[in-house]
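This report concerns only the one structure given below.
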Amino acid sequence: MHYRRRLTSLLLVTTLAASLIGPATPSFAAEASAAVSTRASLAKTILQSQRISLATFHSSGVRDNATARQNIVDTANGGRAHRSCHGTAPCGSVYLDVTMLRSMLTLRNSFTFRVSEIAGGSHSPGSRHYAGKAFDVDILDGQGVSASNPHVRAFMARCRALGAIEVLGPGDAGHATHIHCAWA
């Protein structure tokens, strides 16, 4: 009997609160859980793609658990992507940006490419790589990225069309051999 009275009171309070402030919205935890689920699903699709390859090494020769492939594996498992701890890299880990991951998957519809870096590697201080919002490509449609690769400009334009706010490549200082695409 006591239980029934408490339940009735709770329902009354909930109904009154909903009428005053509107229906309940999903909790932050539920929203965060959905983002992790989406992020993991996108990363799993990237891992399965025949058109995206992921570097298992850094061009610097440094060995760590922050390669492009490991970043995507960690994300597919629902975790954070590791950052490197050499050069200007800040160590630690970061969740990869969902928009960037979606863009990577969209790009595979028009190109084949190898992602050489995501959150790992050593980049300029404050780089969007360290925030999990940028990736580099060093092989595009079977050829190394260079000024003579005929697909470079189209790839860069497509990154911009997908919302990248920072797109650098051959012709830009420090980007003669890779394309850098970063999102806000």
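Identify, from the list F111, F135, the residue that is farther than 18 Å from T56 by Cα, of a type outside the set (D, E), touching a helix residue (DSSP H, G or I) at 6+ places or on another chain (Cβ under 7 Å) and outside any helix (DSSP H, G or I).
Values: F135 fails: farther than 18 Å from T56 by Cα.
Going through F111, F135 in turn, just one is farther than 18 Å from T56 by Cα, of a type outside the set (D, E), touching a helix residue (DSSP H, G or I) at 6+ places or on another chain (Cβ under 7 Å) and outside any helix (DSSP H, G or I): F111.
Restrict the check to the range 147-162 and report whether at least one residue is charged (D, E, K, R), part of a loop (DSSP other than H, G, I, E, B) and without any contact (Cβ under 8 Å) to a residue 40 or more places away in the chain. Talk me through it step by step, then tell me what you get.
Step one: of the range 147-162, the residues charged (D, E, K, R) are 153, 158, 160.
This time we only want the ones that are part of a loop (DSSP other than H, G, I, E, B), so: none.
No, because not a single residue in the range 147-162 is charged (D, E, K, R), part of a loop (DSSP other than H, G, I, E, B) and without any contact (Cβ under 8 Å) to a residue 40 or more places away in the chain.
So which residues in the range 86-118 are small (G, A, S) and exposed (fewer than 15 other Cβ atoms within 10 Å of the Cβ)?
To start, the set of residues in the range 86-118 that are small (G, A, S) comprises 87, 89, 92-93, 103, 110, 116.
The answer is G87, G92, S110.
Output the number of the condition that R83 fails; it satisfies all remaining conditions of (1) over 15 Å from the mean Cα position of the chain (by Cα); (2) farther than 13 Å from C181 by Cα; (3) of a type in the set (D, E, K, R); (4) crowded, with 18+ Cβ neighbours inside 10 Å.
Every listed condition holds for R83 apart from (1).
Name every residue in the range 59-76 that is surrounded by fewer than 21 Cβ atoms within 10 Å (Cβ to Cβ) and either touching a residue at least 40 places away in the same chain (Cβ under 8 Å) or over 18 Å from L105 (Cα atoms) (or both), in order of residue number. Steps first, answer last, please.
Let us first name the residues in the range 59-76 that are surrounded by fewer than 21 Cβ atoms within 10 Å (Cβ to Cβ), namely 59-65, 69-70, 73, 76.
Across the range 59-76, the qualifying residues are S59, S60, G61, V62, R63, D64, N65, Q70.
Does the range 72-79 contain any residue that is over 21 Å from D138 (Cα atoms), of a type in the set (D, E) and at pLDDT below 95? Please lay out each step first, then the result.
Of the range 72-79, the ones over 21 Å from D138 (Cα atoms) are 74-79.
From the residues that got through so far, the ones that are of a type in the set (D, E) too are 74.
Within this subset, residues satisfying the condition of being at pLDDT below 95 are none.
The answer is no; no qualifying residue exists.
Return a yes/no flag: does the range 139-157 have any residue that is crowded, with 17+ Cβ neighbours inside 10 Å and under 17 Å from the mean Cα position of the chain (by Cα).
No - not one qualifying residue is present in the range 139-157.
Taking the conditions exactly as written (within 20 Å of G174 (Cα to Cα) and of a type in the set (F, W, Y)), does F111 satisfy them or not?
Working: within 20 Å of G174 (Cα to Cα): no; of a type in the set (F, W, Y): yes.
Criteria not met by F111.
Looking at T88, T99 in this structure, which one is over 13 Å from the mean Cα position of the chain (by Cα) and more than 16 Å from L168 (Cα to Cα)? So that I can check it myself, show each step before the final result.
Numbers: T99 fails: over 13 Å from the mean Cα position of the chain (by Cα).
It is T88.
Only one of S59, S19 is more than 30 Å from C181 (Cβ to Cβ), among the polar types (S, T, N, Q) and modelled with pLDDT under 95; which? Steps first, please.
Working: S59 fails: more than 30 Å from C181 (Cβ to Cβ).
One residue alone meets the criteria, S19.
The values are calculated or read from the model by the stated rules, or taken from the named source; none is laboratory data. Computed from a predicted model, the values in this text were never measured in an experiment. Because the Cβ atoms are built from the backbone with ideal geometry, glycine has one as well, and the counts that use them run over all protein chains shown.
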